[in-house]
1. Any residue in segment A:414-431 that is basic (Lys, Arg) sitting within a Cβ distance under 7 Å of a residue that is within 11 Å of ligand 1 (Cβ to nearest atom)? List the pairs, counting only those 6 or more apart or interchain.
2. Any residue at all in segment A:393-406 that's open to solvent by 10 Å² or more (accessible area, probe 1.4 Å), more than 11 Å from ligand 1 (Cβ to nearest atom) and more than 14 Å from chain B (Cβ to nearest Cβ)?
3. Is there a residue in segment A:413-432 that is within 16 Å of ligand 2 (Cβ to nearest atom), part of a helix (DSSP H, G or I) and either within 14 Å of chain B (Cβ to nearest Cβ) or under 24 Å from A:Met298 (Cα atoms) (or both)?
4. Checking the conditions here, which among A:Ala78, A:Ala60, A:Ala43, A:Ala31 is in the same structural domain as A:Arg106 (by TED's automatic domain parsing), near ligand 1 (Cβ under 10 Å from one of its atoms) and hydrophobic (A, V, I, L, M, F, W, C)?
5. Answer with yes or no whether A:Glu89 is within 14 Å of chain B (Cβ to nearest Cβ) and within 13 Å of ligand 2 (Cβ to nearest atom).
6. Let me confirm something: among B:Ser182, B:Ser187, B:Ser141, which residue is open to solvent by less than 50 Å² (accessible area, probe 1.4 Å), under 17 Å from B:Ser82 (Cα atoms) and either of a type in the set (Gly, Ala, Ser) or outside any helix (DSSP H, G or I) (or both)?
7. Filter segment A:155-186 down to residues that are away from ligand 2 (no atom under 16 Å from the Cβ), touching a strand residue (DSSP E or B) at 6+ places or on another chain (Cβ under 9 Å) and away from chain B (no Cβ under 14 Å), then give me how many there are.
8. Please return the ranges of strands (runs of 3 or more DSSP E) entirely within segment A:4-100 where 2 or more residues are open to solvent by 10 Å² or more (accessible area, probe 1.4 Å).
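The values are calculated or read from the model by the stated rules, or taken from the named source; none is laboratory data. Not measured: the values here are computed from a predicted model. Glycine gets a Cβ as well: all are built from the backbone with ideal geometry, and neighbour counts include every protein chain shown. Just the protein is used for accessible areas: all its heavy atoms, side chains included, with ligands, DNA and RNA removed. Shrake-Rupley method; radii C 1.70, N 1.55, O 1.52, S 1.80 Å.
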Amino acid sequence: MSEKILLEMNHIRKEFPGVLALKDVSLQVQAGEVHALLGENGAGKSTLIKILGGIYSSDAGEIVIDGSVVTINSVQDAQKFGISVIHQELVLVPHMTVAENIYLGREPLKAGRFVDFKKMNDDAKHLLDSFELDIRPNEEISELTIAQQQMVEIIKALSFHAKILVMDEPTSSLSEKDVDFLFENIRKLKKAQVGIIYISHRMSELKQIADKITVIRDGEYIGTRQTHATTNDELITMMVGRQLTNYYTRTFGNPTTKVLEVKHLNAGKLLKDISFHLFSGEILGFAGLVGAGRSEVMKCIFGIDAFESGEILINGEPVVVKNPDDAMKRGIALVPESRKREALFMDQSVTYNITIKALGEFIHGIHVDNARETEITKEYVDMMEIKTPTYKQVVGNLSGGNQQKVVIGRWLATKPKILILDEPTRGVDVGAKAEIYSIMNELVKNGVAIIMISSELPEVINMSDRVVVMSNGKITGCLSREGLTQEKIMHHATQFVTT
Amino acid sequence: MKKLQAKNNPLYNFGRENFGILIGLLLLCVILTIFSPVFLSKNNILNVLRQVATNLYIACAMTMVIILGGIDLSVGSTIALSGVVTGGMIAFDGHSLVVAVIAGLLVGVAVGAFNGFLISKTTIPPFIVTLSTMNIARGASYVYTGGQPIRVMSDSFNFIGSGYVGEIPMPIIYLVIIVIISVLIMSKSRLGRHIYAVGGNPTAARFSGINNSRVLFFAYLFSGLMAAIAGVVLASRMFSGQPTAGQGAEMDAIAAVVLGGTSMSGGVGKIGGTVIGALIIGVLSNGLNLLGINSFWQYIVKGVVILIAVYVDFLKKGKKSN
Ligand SMILES: Nc1ncnc2c1ncn2[C@@H]1O[C@H](COP(=O)(O)OP(=O)(O)OP(=O)(O)O)[C@@H](O)[C@H]1O
Ligand SMILES: [Mg+2]
């Protein structure tokens, strides 16, 4: 690794109305290194990145690239300085093709005037092929899965041949296989002397890929460590400012009452002969590669998607769940995987978002019980430790992880009997993860049945009573807690996969 | 591979994307040919096209505006304002025709620029901005004319809207040019890509280094200019600038755009669809006239047809997404 300092961000400060997002943060990145940025939800990581990427401008501080101070006022400026960013939120245009999205804002021209679609598609195809991705350049973004969209974002960012590449939680919706693929490419870029800033809440990833780790907390610089010279405990203490003792909280009971049973569910090409059952007071893990059909099963149960044949029984009785509202009345709650697309009202307040499913608790006829509304909000904001300046803050302005907590809080507010969590800890920091685990534990202790879809195997293994593994729309295994290993799960998860 | 080729054939694409409304248009024509001997005559067809023309100038721009997730309600009033200014420049001030027409067009550009400026630089919704300019421009037309039409009895002025080149009426020539330019912008140019991007996901557009404001500004400017062209053409055809001209024109344009399959929520749509949409509206009113159905009923028929067309489109799209 060379010692050349590629990028310095010195004493950056940024204030939003009512929120001091960055007090004083500095960061130094060398050419050819992967520099991880670590911090709790709302610590200011994305804000720092957006300043570097020309989305926000800083209130104070300087940015130095290759030894000279630069001003970055727009995305174009950032691109000019060789900075390319994969943002935390997916930013693709749904109704445009993969190729159009990759070259958005820098479309190749012919005759200096017209977009050269042929070249654009050919180039995109070339790119996708070189990364061995099975995505066609003329496919519409809206037809891709979230994981595929994430891959398109990554490829788009790589295609800039940037000097400085920033990745804000690039792996949050990727499966292990895609993560490996991404890491391979990161290593290639390192060899090419690209400086990489990498943000992730998965500590195991940082160990694998990062050379250095800088920790920020509440908008302040805490310290920088060499990865090989630090420990998880030290990093966590730096992050949360105290020691975290229990990570996975789980008291296992002996659940025997079936609350949900699914029999021979078939839905087109997506799901084939899905059968499983769920006891009250247990956590049933759902593992599998992204696209295995796990979310699809849950959407069928929750009445969002239709299925062709099969039966769903709740408390032993066959039911037809007509729509999500009907599902809620039967005590089912589903926390979807894509918070932006499927869950949040970005322009509305924290209160609005949390209470939207529990309006019955404080609106009676035309009377709105404001005190009760605030009480409910407070209960779940406190329980989920949501970091927000006021309850009135619009959710779009919260950090990514805190948005996730709002979604979970909303569904807890409906007091469900069967709680389906689709990637509940995606993009959530370690402290909050521990918090979510302990909440899940509390819920099952009180008899709630939880289905947890997760691509994070350690969490599946440590939290679940039993684990259902899916692959290519089929259930390939139902494993009990004893003797559960990552290898075992992966073995089942890769059956029927033809790649 | 075969699929790729098909995708690259614009005519095939045009047919496939607009299959439903093309059939509708065809059906309409067949029915009218059966019931009215005049319908298929050359004169009548040119007549329909001439009527469709002014709506389509505006509708082309409106397509861009709606793809951007916006709306331009001010076009009808702009038709009046640019018409009366052109007329007034000749009749009141004795300016030459060229100067008057340029002034008329500039009025439209000014209204468009004003809309574009407010919409791209503030967060006031396009509906509100253009609702205001709609009233302002209409009011200005009345004030400027004192409520009376401004008569311009000049053959050269009248040629703009009523003249012919060979057998082709002038408005149709403008129409062809405008449609070609619009199609080129939307399907071939970078600007077109950016219009779809800003309409489909403004954040993504901004994060990709697109200047959203500039794209928005352009669309409303273009809309103003198109309305002005329509205004001058209409004034010329009527030998006068009339402050009441273009009333409801914005709604006809929006109807054409929507019939053509453009989504009111932005991000999706094509000029080609809008052209067919406008033709349907044009042929329909022409047909109803030929059949002697009174104009009160025509409104009802028009409304019903729009609903049916959009509903069919909805059914089609619903199937696709499953
Ligand atoms: N546009 C905005 N307006 C107001 N406040 C904002 C805005 N963007 C971010 N914030 C606030 O700034 C703080 C830092 O947010 P940021 O998104 O940088 O956190 P983060 O470290 O990326 O967290 P996460 O891990 O959850 O993604 C948060 O308190 C957030 O609510
Ligand atoms: Mg973030």
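1. A:Arg426/A:Ser172; A:Arg426/A:Gln404
2. No, the conditions are met nowhere in segment A:393-406.
3. The answer is no; no qualifying residue exists.
4. Values: A:Ala78 fails: near ligand 1 (Cβ under 10 Å from one of its atoms); A:Ala60 fails: near ligand 1 (Cβ under 10 Å from one of its atoms); A:Ala31 fails: near ligand 1 (Cβ under 10 Å from one of its atoms).
It is A:Ala43.
5. Details: within 14 Å of chain B (Cβ to nearest Cβ): yes; within 13 Å of ligand 2 (Cβ to nearest atom): yes.
When the stated conditions are applied, A:Glu89 passes them.
6. On the way: B:Ser182 fails: under 17 Å from B:Ser82 (Cα atoms); B:Ser187 fails: under 17 Å from B:Ser82 (Cα atoms).
Going through B:Ser182, B:Ser187, B:Ser141 in turn, the sole match is B:Ser141.
7. Selection size over segment A:155-186: 8.
8. In segment A:4-100, the matching strands (runs of 3 or more DSSP E) lie at A:5-16, A:19-30, A:60-65, A:68-70.
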